[in-house]
1. Between residue 59 and residue 139, 0.36 nm times their residue separation minus their Cα-Cα distance comes to what?
2. Add -39500 (n - 2.57) for each DSSP H run of 4 or more in the chain, then divide by its residues: what number comes out at 222 nm, to the nearest 500 deg cm²/dmol?
3. How big is the stretch 233-278 by the Kirkwood estimate over distinct Cα pairs, in Å?
4. Report the equivalent ellipsoid semi-axes for the chain in whole Å, largest first, defined as the square roots of five times the eigenvalues of the gyration tensor built from alpha carbon atoms.
5. Compute the long axis of helix 2-19 from its Cα atoms, compare it with the longest principal axis of the Cα atoms of the chain, and write down the angle in degrees, 0 to 90, nearest 10.
6. Taking only C-alpha pairs under 8 Å that are 6+ residues apart, what is the relative contact order of the stretch 28-150 in percent?
7. What is the Cα radius of gyration of the stretch 28-150 over 2.2 N^0.38 Å, N being its residue count?
8. When the convex hull of the Cα atoms of the stretch 159-288 is projected onto a plane and the area is averaged over all directions, what value comes out in nm²?
């Protein structure tokens, strides 16, 4: 009998020890400024992330990424702002950069109230790492880094009117791109009721060849797909070129009550199986009355 009691006691002790295994050490620290952000509908606000790598990361599968999620009062993901970690993870070498939080004018507005902004580090396999932050860990190596307030009363923001060349709004793919609009030829976004100086943030994608490759037709003199962005909203034309997403800032440094932003694709992709031409897709647009 004593032997049996000893074996039973050892099993209990082993399970207790396993349950109290020390938590893994943080691989580095993360801070976000400012810690309190107000974000109205169709607005964007800039925040700074500062990472301080402490130890080397092991077994990283693919590229290293950062998740930044906005959680509502029920803990549900309302918006996401995920992005690649910029540069290399090198212990002792801080990494600082800015990202934009936004409510796209193409999507539905968030309900008024307080939201938690959480962040963390992960790889393409979904592996996450422990971090050191001011507020500590919530769960699953995710951390509250700021509070975002969605105001009850909306501030004055410009009104946007799309020309007929823009196709209708279609659903996006996730909580980062809620909705989008395609353009195949020259299009205009008319801006009205501008409350003062500020800037627009456009996210434009030039999709690469995919399932529906179709035929890429470049304008004469152009060697790659490009879009010229101009108009009397800005004094400085912008040209974006190459496949992928492009963030375009249009600054209104002189107050105007009405102006146009023009998009002129220098290419078109003819998609035969749907008998349609497409060039670029607008994924996000937001406004800020603040400058850096």
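Each reported figure results from applying straightforward, stated rules to the coordinates on display, with no laboratory input. Since the structure is predicted, the reported quantities are computational estimates derived from the model, not experimental observations. Note that each Cβ is placed from the backbone with ideal geometry, even for glycine, and that neighbours are counted across all protein chains shown.
1. Numbers: separation 80, 0.36 × 80 = 28.80 nm, distance 2.13 nm.
26.7 nm is the gain from fully extending residue 59 to residue 139.
2. Details: 1 runs with 18 residues, N = 292.
Mean residue ellipticity, 222 nm, calculated: -2000 deg cm²/dmol.
3. Working: mean 1/r = 0.0735 Å⁻¹.
Across the stretch 233-278, the inverse of the average 1/r is 13.6 Å.
4. Numbers: eigenvalues 403, 115, 64 Å².
Semi-axes from the Cα gyration tensor: 45, 24, 18 Å.
5. 20
6. Numbers: 276 pairs, mean separation 43.7, N = 123.
Once divided by the residue count of the stretch 28-150, the mean separation gives 36 percent.
7. Values: Rg = 14.5 Å, N = 123, 2.2 N^0.38 = 13.7 Å.
Here the answer is 1.06, to two decimals.
8. Values: hull surface 32.7 nm².
Dividing the Cα hull surface by four gives the mean projection, 8.2 nm².
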